[in-house]
Amino acid sequence: MLPVPVFPVPENELGLLRRFLSLFTATAVKQLGLSVEVFIQMARLKHSGGSSVRLSRHGREWLPKIGLGVWPDRPAPTFWTQQDFRNLLPGEMPRTLLEQVFRISKSEEAKQNARDTMLGVGAVVQVLTRDNAAVFLKNAMDLLLPPIDDPTYTCFPFYLPLLERKSVLGATPEALDSWFCGASLYIRESVEDTGLLIASKVPLGPLFRNMRGRPEPEGGQGWLVPCEP
């Protein structure tokens with residue numbers, strides 16, 4: 001986890017987050033030979049001011065394709081039931097009905113531009129894989145579509161696993177491997193955890209060292225990575 005103070009990320013910290021993710025992504029692509037897929041989680045945009053306007057302004061250059069995000073460690077998505085409303089606490093909002101996601105479908109430059117432009121509102125998901133996009137998306141559909149019964153949620157052209165910190169920490173190695181859908185690295189702005197989640201099937205130490213990082217001193221479990229402007 002790379003913690004942030006709050007979403008949307010304050011401007012004075014957003015530049016640091018953007019530099020880190022850009023450097024980390026470039027290092028992983030070069031060192032591990034990975035390809036990059038970038039997704040925008042739509043439910044977050046309505047809570048973050050003019051972010052949806054920002055997305056629509058770049059629609060032609062990014063060509064976003066709509067799909068559905070699914071939490072593999074939660075019940076399959078369904079429409080609201082009476083029980084949903086009975087269980088609400090005072091002031092609590094009902095669960096999100098559709099975790100719609102946009103996949104940036106144009107060039108590598110468009111993906112990078114979309115990630116950097118939308119980063120900080122809690123909406124960016126980035127997947128790095130040795131396979132091409134078609135293989136990852138087929139694996140994701142094979143995993144996430146069969147448990148869904150409600151026809152409202154079975155007509156999307158692609159499906160994306162949504163993970164948070166407790167998903168990763170609570171999963172068996174076998175479950176986590178299936179949730180990755182063949183990806184090597186999974187990166188998500190996790191509003192649930194107030195930070196950037198980086199889940200990896202490969203050791204991250206060599207990547208951080210390549211970025212001139214070093215382990216925290218005195219037995220710390222984190223890494224210190226310089227991200228100068």
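The values are calculated or read from the model by the stated rules, or taken from the named source; none is laboratory data. Quick caveat, the model's predicted, so the values are computed rather than measured. So basically every Cβ, Gly included, is an ideal-geometry build from the backbone, and we count neighbours across all protein chains shown.
When every residue of the range 24-38 is checked against the conditions, at least one turns out to be crowded, with 19+ Cβ neighbours inside 10 Å and not hydrophobic (A, V, I, L, M, F, W, C). Condition check for ALA76 on (1) farther than 27 Å from GLY182 by Cβ; (2) touching a strand residue (DSSP E or B) at 6+ places or on another chain (Cβ under 8 Å); (3) surrounded by fewer than 17 Cβ atoms within 10 Å (Cβ to Cβ): one failure, at (1).
Output the residues belonging to the range 136-151 that are surrounded by 13 or more Cβ atoms within 10 Å (Cβ to Cβ) and either farther than 17 Å from VAL38 by Cβ or among the aromatic types (Phe, Trp, Tyr) (or both). Talk me through it step by step, then tell me what you get.
So the first thing to find is which residues in the range 136-151 are surrounded by 13 or more Cβ atoms within 10 Å (Cβ to Cβ), and the list is 136-141, 143-145, 148.
Within the range 136-151, PHE136, LYS138, ASN139, MET141, LEU143, LEU144, LEU145, ILE148 qualify.
Listed by first and then second residue, the pairs with beta-carbon distance under 8 Å, at least 6 apart or on different chains, first residue in the range 84-105 and in contact (Cβ under 8 Å) with a residue 24 or more places away in the chain and on the phi > 0 side of the Ramachandran plot, second among the β-branched types (Val, Ile, Thr) and in a loop (DSSP other than H, G, I, E, B), form an empty list. Here are some residues: ALA76, ALA140, ALA134, ALA114. Which one is farther than 30 Å from HIS58 by Cβ and of a type in the set (Gly, Ala, Ser)? Criteria check complete, one pass: ALA76.
Which of the residues belonging to the range 101-114 are under 9 Å from ILE40 (Cβ atoms) and not aromatic (Phe, Trp, Tyr)?
Listed by number, the residues that qualify are VAL101, ARG103, ILE104, ALA114.
Please work out which residue is nearest to LEU98 (Cα to Cα), limiting yourself to the range 4-58 and to residues that are part of a helix (DSSP H, G or I), of a type in the set (Ser, Thr, Tyr) and at pLDDT below 90. Per the stated criteria, the residue is SER52.
Taking residues in the range 1-20 that are within 22 Å of LYS166 (Cα to Cα) and in contact (Cβ under 8 Å) with a residue 40 or more places away in the chain, and partners anywhere that are in a helix (DSSP H, G or I) and among the polar types (S, T, N, Q), the pairs with Cβ atoms closer than 9 Å and at least 6 places apart or on different chains are PRO8/SER51.
Let's see how each residue does on (1) of a type in the set (S, T, N, Q); (2) under 25 Å from LEU14 (Cα atoms); (3) out of contact with any helix residue (DSSP H, G or I) (no Cβ under 9 Å at 6 or more places or on another chain); (4) at pLDDT 95 or above:
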residue: ASP116; (1), (2), (3), (4): no, yes, no, yes
residue: THR152; (1), (2), (3), (4): yes, no, yes, no
residue: PRO173; (1), (2), (3), (4): no, no, yes, no
residue: ILE187; (1), (2), (3), (4): no, yes, no, yes
residue: VAL225; (1), (2), (3), (4): no, yes, no, no
residue: PRO229; (1), (2), (3), (4): no, yes, no, no
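Please determine, by comparing only the residues of the range 157-167 that are surrounded by 19 or more Cβ atoms within 10 Å (Cβ to Cβ) and touching a helix residue (DSSP H, G or I) at 6+ places or on another chain (Cβ under 9 Å), which one is farthest from LYS65 (Cα to Cα). Selected residue: SER167.
Looking only at the range 194-229, count every residue that is in a strand (DSSP E or B) and out of contact with any strand residue (DSSP E or B) (no Cβ under 9 Å at 6 or more places or on another chain) and tell me the total. Steps first, please.
Going residue by residue through the range 194-229, those that are in a strand (DSSP E or B) are 195-200, 214-215, 223-224.
Those left that are additionally out of contact with any strand residue (DSSP E or B) (no Cβ under 9 Å at 6 or more places or on another chain): none.
Of the residues in that region, 0 qualify.
Listed by first and then second residue, the pairs with beta-carbon distance under 8 Å, at least 6 apart or on different chains, first residue in the range 197-212 and over 17 Å from CYS181 (Cβ atoms), second part of a loop (DSSP other than H, G, I, E, B) and not hydroxyl-bearing (Ser, Thr, Tyr), are PHE208/VAL225; MET211/VAL225; MET211/PRO226; ARG212/VAL225; ARG212/PRO226.
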